[in-house]
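Here the structure comes first, spelled out in structure tokens, and everything after it is commentary.
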Amino acid sequence: MDDLDTSSEFDPATPHSQDGGAGPDTARSTSIAGNNPFDNQVFDLVRQEAVDELCAIADRMVHAGYASELAQVYCTIRRDLLDECLNVLGVERLSIDEVQRVEWKHLNDKMKKWVHGVKTVVRSLLTGERRLCDQVLAASDELRDECFVESTKGCIMQIRNFGDAVAVCTRSPEKLSRILDMYEALAEVIPELKELFFGSYGDDVIHDLEGVLERLGDAVKGTLLEFGKVLQQESSRRPMMAGEIHPMTRYVMNYLRLLVVYSDTLDTLLDDSGAGDVDHNALHNGTDEDEEYLKSLTPLGRRMVKLISYLEANLDEKSKLYEDAALQCIFSMNNALYIVQKVKDSELGRILGDHWIRRRRGKIRQNSKSYLRVSWTRVLSYLRDDGHGSSGSGSFGSSGSSSSRIKEKFKNFNLAFDEIYRSQTLWKVPDPQLREELKISISENVIPAYRAFTGRYGSLVDSGRNSGKYIKYTPEDLENHLSDLFEGSPGSANHSRRR
């Protein structure tokens, strides 16, 4: 997967590209088998009266020396029946090549059925099969264990093969949650399988399934590594209109929020995988406090810090696609705030902690100051008192030259302000609080300076003809115009003008 697909609709197994909703459709929250006859019970496939008769027949055959023939017939019949039950559960017999060729939409469905099927097979079918085997073949402990393993071999192999096939599939981010579901399901039932398969006959079964579990765990770790590489290498060159939140940001943060559901499992898997190797620059500082913070994180927390730092570095590069330095700041603030909010309003906040959130909020404040500097310094320069005296002082050299200089300042201010107004009303700051804070900061810098300048030098312009051409706005007009900024639409043409 070369790039994150941030433009298309995502499969329910992947994080939602849009905010809100109840969250991804994971195997933890959905029932996929419908009205499953095996759910929540140990299923008896043979009536008790028949079991008693079979037990008597088996006892006679064992004592007559026909144990081998008994085992062959018993295992064949039971194996076929278990295969039929797997079909009912939707657990298909697929080779590795077949799994590799299945489209993700269909593979996702098969993985969900496997997760549900594994639990049902172990808790209902195999538990019932073990009980039946213990009853029918009670005459021989060795025969009983051998027949149970042999009759369930095909069933176990089918489960194992699909797990192995998924474990070696191409590492792509959308598969991660489903692989984690498979890992957790298998990890959950292996202790129960150890109660069913024991002795020398069962050791190989358990060993094989533990191998599948390990390979699924490796697939989880490998997929997370691949996800990090995708984040680092994603190189779309089309800037977002109006400096809005990038789809990649939405995708990644919803993706990480999904992973928190598996925090216990991921902490175990990542504990020995180098997840703690986090660049301290990921915290934009590298202080002793940051060092202690990183040490305090869980393995998953350290991996989250690393992945988010990849996202932030990518967003920093994307901000440079904007020619306007002020719009770079708006884009950076929008995306940084979205990341912080997604962390703060979810379990990510618990995992990453207040220290991480404070660091990011500090970066947002820095971007806000940078925006004010690059966007409004030139505008404010036209309102600066150059020390040439006040209105009527005549220190400009003559009243005519004073008036001319002041008119030029007002004219330049109007041109600069109108330019900002035309462009920045089209820019978008989705978060209402950030939008309002930016407007307040602009007003606090511009309005007092403008009011002071017009109060001091306005009389030099008011006395001439066409004064409205120069003093185009009242302070109240400016306030109204500033309220239009960052709304993502052209500013209103109906604001009152002074003249």
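So here's what we get for this one:
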{"quantity": "Residue selected from the range 187-224 under the condition touching an Asp or Glu at 6+ places or on another chain (Cβ under 8 Å) and of a type in the set (A, V, I, L, M), by the criterion nearest to Gln158 (Cα to Cα)", "calculated": "Val212"}
{"quantity": "Which numbered condition Ala139 misses (of (1) in contact with a helix residue (DSSP H, G or I) (Cβ under 9 Å, 6 or more places away or on another chain); (2) under 29 Å from Glu214 (Cα atoms))", "calculated": "(2)"}
{"quantity": "Residue match in the range 401-408 (condition: at pLDDT below 75 and either of a type in the set (Val, Ile, Thr) or outside any helix (DSSP H, G or I) (or both))", "calculated": "no"}
{"quantity": "The range 118-148 - residue that is under 21 Å from Asp59 (Cβ atoms) and aliphatic (A, V, I, L, M) and, of those, nearest to the chain's Cα centre (by Cα)", "calculated": "Leu132"}
{"quantity": "Residue match in the range 228-242 (condition: among the acidic types (Asp, Glu) and modelled with pLDDT under 95)", "calculated": "yes"}
{"quantity": "Check on Ile351, closer than 19 Å to Pro432 by Cα, in contact with a helix residue (DSSP H, G or I) (Cβ under 8 Å, 6 or more places away or on another chain) and aliphatic (A, V, I, L, M)", "calculated": "no"}
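Quick grid of which residues meet (1) among the β-branched types (Val, Ile, Thr); (2) more than 34 Å from the chain's Cα centre (by Cα):
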{"position": "Glu174", "(1), (2)": "no, no"}
{"position": "Glu188", "(1), (2)": "no, no"}
{"position": "Phe198", "(1), (2)": "no, yes"}
{"position": "Leu216", "(1), (2)": "no, no"}
{"position": "Thr223", "(1), (2)": "yes, no"}
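The values are calculated or read from the model by the stated rules, or taken from the named source; none is laboratory data. In this text, all values refer to a predicted model and were calculated from it rather than measured experimentally. All Cβ positions, even for glycine, are placed from backbone atoms using ideal geometry, and neighbour counts span all protein chains on display.
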